[in-house]
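*Asks:* Before anything else, here's the structure in question.
Derivation of every value follows stated rules applied to the coordinates shown; laboratory data play no part. Here the structure is a predicted model, which means the values were calculated and not measured. Cβ: placed from backbone, ideal geometry, glycine included. Neighbour counts: every protein chain shown.
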Amino acid sequence: MKNLAGLMKQASQMQAKMEEMQASLENIQIEGTAGAGMVTVVLSGKGDMRSIRIDPKLADPTEMEMLQDLIVAACADARTKLDKRASEEMQKVTGGLNLPPGLKLPF
């Protein structure tokens, strides 16, 4: 039973570290770009869009479809970078242990 108590204590400590990591991710901002920097999107650590910058050259009404595609691409780029950063932070907390997403510790 001593091992079980130690395991539960470790799980509790890991949960606390994971909560700290998630809180720290909320404060970061990740930038994604598309069209050689003509469209830039900034996401919060939670994935909420914070800002978007569009090069004025793209404001041509005949190029709206391309502009829309670039906005989507910039958002996807930012999301990919955010997911990578979150994964790296999770690896630091779990010591490389691959835990399923959304796992709450202790059990």
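*Asks:* Quick check: anything in the stretch 26-38 exposed (fewer than 13 other Cβ atoms within 10 Å of the Cβ) and part of a helix (DSSP H, G or I)?
*Replies:* yes
*Asks:* Restricting attention to the stretch 74-92, and to residues there that are buried (at least 18 other Cβ atoms within 10 Å of the Cβ) and aliphatic (A, V, I, L, M), which single residue is nearest to Lys17 (Cα to Cα)?
*Replies:* That would be Met90.
*Asks:* Further question on the same structure: Are there any pairs, at least 6 apart or on different chains, whose C-beta atoms fall under 6 Å, with the first in the stretch 31-58 and aliphatic (A, V, I, L, M) and the second in a loop (DSSP other than H, G, I, E, B) and surrounded by fewer than 18 Cβ atoms within 10 Å (Cβ to Cβ), and if so, which?
*Replies:* Taking only residues 6 or more apart or on different chains, the pairs are Met38/Asp55; Leu58/Met38.
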